[in-house]
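Read the structure below first, then the notes.
The values are calculated or read from the model by the stated rules, or taken from the named source; none is laboratory data. Keep in mind that what you see is a predicted model, and the values were worked out from it rather than measured. Here the Cβ is made from the backbone with ideal geometry for all residues, glycine too, and neighbour counts use every protein chain on show. These accessible areas exclude ligands, DNA and RNA; they are computed on the full protein's heavy atoms, side chains included. Shrake-Rupley method; radii C 1.70, N 1.55, O 1.52, S 1.80 Å.
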Amino acid sequence: MGATFTLEDPKPPVVDEDFMVQIVKENTGGGSWESNSKAAITLANGMLVISQTPPVIREVERLLQLLGQYR
């Protein structure tokens, strides 16, 4: 299962790409990012590309919704 999220605002990011990936990994998946060999996450040019299980993708969606409240 995979998902791609596009950040809507074309402004320069408030946080760098590595930091955003770290936030997602530390707050979703309960350690499955390391234990699931098929799990992957990258962020480049405003695109967050994730390969993970459907429950973890839902966690990421919820986290991004929560973070979106603070723009």
Share of carbon and sulfur in the accessible heavy-atom surface of the chain [1.4 Å probe, %]: 54
For segment 24-71, the Rg and Dmax computed from alpha carbons only, in angstrom: 10.8, 33
Nearest 10 degrees, 0 to 90: helix 17-27 Cα axis against the chain principal axis: 50
In sequence order, calculated HN-Hα J values of segment 31-44 (Karplus, 6.51, -1.76, 1.60; Hz; x Gly/Pro): x, 6, 4, 8, 7, 9, 5, 8, 6, 8, 8, 9, 9, 8
DSSP bridge pairs, the chain: antiparallel proportion in percent, nearest 5: 100
Probe 1.4 Å, protein heavy atoms only - accessible area per residue of the chain in square angstrom: 72
Inter-label distance for residue 65 and residue 47, nm, one decimal - labels placed 7 Å from Cα along Cα-to-Cβ: 2.5
